[in-house]
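*Asks:* A single structure is presented below for examination.
The values are calculated or read from the model by the stated rules, or taken from the named source; none is laboratory data. These numbers were taken from a predicted model, which means no experiment stands behind them. Here the Cβ positions follow ideal geometry from the backbone for every residue, glycine too, while neighbour counts run over all protein chains shown. With ligands, DNA and RNA removed, areas are computed over all heavy atoms of the protein, side chains included. Shrake-Rupley method; radii C 1.70, N 1.55, O 1.52, S 1.80 Å.
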Amino acid sequence: MAPQITFARLPEVPLAEITAQMNDPRVGVHMPLLQGTWDEATTRRFVAAKEACWARDGLGHWAFLGDGQYLGWGGFQKEGTEWDFGLVLTPEHFGSGLRIAHQALAFARADPRIPFVTFLLPPSRRSLGALARLGARELGPVRYDGETFLKYRLDTA
């Protein structure tokens, strides 16, 4: 039976779990903005920055839990006037992405602030069929913090 997926705030997860995830080279393969080795201080700043999004926008990134076990983090972050959706899982839970995305997108569809979401994926991502199955359409390449990403949009309204 598949674990029950719940969303929690990042401060509820031990810093060591997030630090280990972000130092795993399998996670960094598709994260061109990920720089250097993470330590507890880096993770603490990361969690504080994600919590600041909640304070500023009323929405942000969650920790994803499966039967209480940390699966990864992600959620919605305001980029200008758009809500971008991101999902970063621990390698042991890479296969949970579509299930988590469905649950998060159901949240977006119920939130009147979010008429659409965007996805920024590095060109290294070859398997993009899940985005098509979700109904997202490619908008083309964009530059973000000096890196090229493939941008997709999914209408939620």
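*Asks:* Carbon and sulfur atoms: what percent of the 1.4 Å accessible area of the chain do they account for?
*Replies:* 54
*Asks:* Run the helix sum for the chain: -39,500 (n - 2.57) per DSSP H stretch of 4+ residues, divided by residue count, reported at 222 nm to the nearest 500 deg cm²/dmol.
*Replies:* The helix contribution divided over the chain gives -9500 deg cm²/dmol.
*Asks:* Looking only at the range 69-157, where both bridge partners belong to it, what percent of the DSSP beta bridges are antiparallel (to the nearest 5)?
*Replies:* Roughly 90 percent of the DSSP beta bridges within the range 69-157 come out antiparallel.
*Asks:* In percent, how large is the relative contact order of the chain, given Cα pairs closer than 8 Å and 6 or more residues apart?
*Replies:* Taking the mean separation of contacting Cα pairs over the length of the chain, I get 20 percent.
*Asks:* Moving on to the next point. Of the beta bridges DSSP finds with both residues in the range 6-157, what % are antiparallel, to the nearest 5?
*Replies:* Rounded to the nearest five, the antiparallel share is 95 percent.
*Asks:* If you count only protein heavy atoms with a 1.4 Å probe, what accessible area per residue comes out for the chain, rounded to a whole Å²?
*Replies:* 53
*Asks:* For the range 19-44 and the range 125-157, what is the separation of their Cα centres, given in Å?
*Replies:* Their Cα centres are 22 Å away from one another.
*Asks:* Quote to one decimal, in nm, the extra length available between residue 133 and residue 55 on full extension: 0.36 nm per residue of separation minus the C-alpha distance between them.
*Replies:* Once the chain is fully extended between residue 133 and residue 55, it gains 24.8 nm.
*Asks:* So, one more: Which of rounded, prolate, oblate describes the chain, given a ≥ b ≥ c as roots of the alpha-carbon gyration tensor eigenvalues and a/c under 1.5 marking rounded, otherwise prolate only if a/b is larger than b/c?
*Replies:* Judged from the Cα gyration tensor, the chain comes out rounded (a/c under 1.5).
*Asks:* Could you check the simple spin-label distance between residue 143 and residue 107, using points 7 Å along Cα→Cβ, in nm with one decimal?
*Replies:* Between residue 143 and residue 107, the simple spin-label model gives 3.3 nm.
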